[in-house]
Amino acid sequence: MMRRTAPVPELVERARAGDARAVARLISLVEDESPLLREVMAALAPHAGKAHIVGITGSPGVGKSTSTSALVSAYRATGQRVGVLAVDPSSPFSGGALLGDRVRMQDHATDPGVFIRSMASRGHLGGLAWSTPQALRVLDAAGFDVVLVETVGVGQSEVEVAGMADTTLILLAPGMGDGIQAAKAGILEVGDIYVVNKADRDGVQNVTRDLRAMLALADRGPDDWVPPILKTVASRNEGVDEVVAKIGERLAWMKATGVLEERRRSRARDEIEAIAMTALRSRFAHLHGDSRLDVLAAKVAGGDTDPYAAADELIAAL
């Protein structure tokens, strides 16, 4: 028997009071494209906009999950509540996340100040699930101070995380050809802080030098943020406090310069556009077999009109 979902206002109230089950249920409604989604977003809107959203991305094997776990520990040590969205590859059979809640983050499983959720990318090539913006709003409105978004390691398309986050961390590691990959993937354009993890390995100086040289080529004004390069050994929590400090410094700079507000407006624009396009696509999906489309198709095929004019007519009719 299907369990009845609590009324949306009750779920939101419980989530804001720190009820992890209510937070999880709201994110499930997002992932399932529930008919209640509009009501959920309307209820959450007045409470959102306070969390610092930090994106964590990088090639597979650089230690994203280990670094995320270490950052959670560092933030919790300062008393801040932390939400984590770990976007995993999708199972081709179930459509669900293959990795589940990350094994390396289980140290935080019993901490009421931490909420960890794995989301399936479901084939989305940007490294993020399509529902990530709404899931972020749930965690934001639920009162988490920091929300960490760890993305699928899918290479060049991973840069999409920069559009979702206030601050983007790019992780690299020695011995993985990351210097070349960084240039190819264009991540030098989206990173706010660069972290060379596994800094106890040989080759860390080479990665740092290559990064510094490539970052020096960027065209920046005198007041622009200069992305720092930090070194960590996340598995031993070495250098993690310095990363947290630099994230805080970046946040203060964004607030002072207005960059934070502009980033969030840009994110809202993208989200509105995506929702509008999805709605339009849905309406167009019902046109196959529609008499209006058939009439226009006959006109185009017969040379009585061109496809652009036909498309304009169809859009006007909708």
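List of remarks:
- For segment 23-77, the alpha carbon positions stretch 39, 25, 16 Å along the principal axes, listed from largest to smallest.
- Long-range amide H partners of MET119 with built H, under 5 Å: ALA86, VAL87, ASP88
- Full extension of the segment from ARG236 to THR257, taken as 0.36 nm per residue of separation minus the current Cα-Cα distance, would add 4.1 nm.
- When THR257, THR151 are compared by accessible surface with a 1.4 Å probe, the order from highest to lowest is THR257, THR151.
- Straight-line cross-link partners of LYS198 among the lysines, defined as a Cα under 16 Å from its Cα and at least 8 positions apart when in the same chain: LYS64, LYS231.
- Counting only protein heavy atoms and a probe of 1.4 Å, the accessible surface of segment 211-312 is 57% carbon and sulfur.
- Solvent exposure of segment 163-304 as accessible area per residue, Å², 1.4 Å probe: 58
- Highest to lowest packing among 39-52, 67-80, scored as the average C-beta count within 10 Å: 67-80, 39-52
The values are calculated or read from the model by the stated rules, or taken from the named source; none is laboratory data. It should be emphasised that the depicted structure is a prediction, and the values quoted were computed from it without experimental measurement. Cβ: placed from backbone, ideal geometry, glycine included. Neighbour counts: every protein chain shown. Remember, those area values only see protein heavy atoms, side chains included, never the ligands or the DNA or RNA. Shrake-Rupley method; radii C 1.70, N 1.55, O 1.52, S 1.80 Å.
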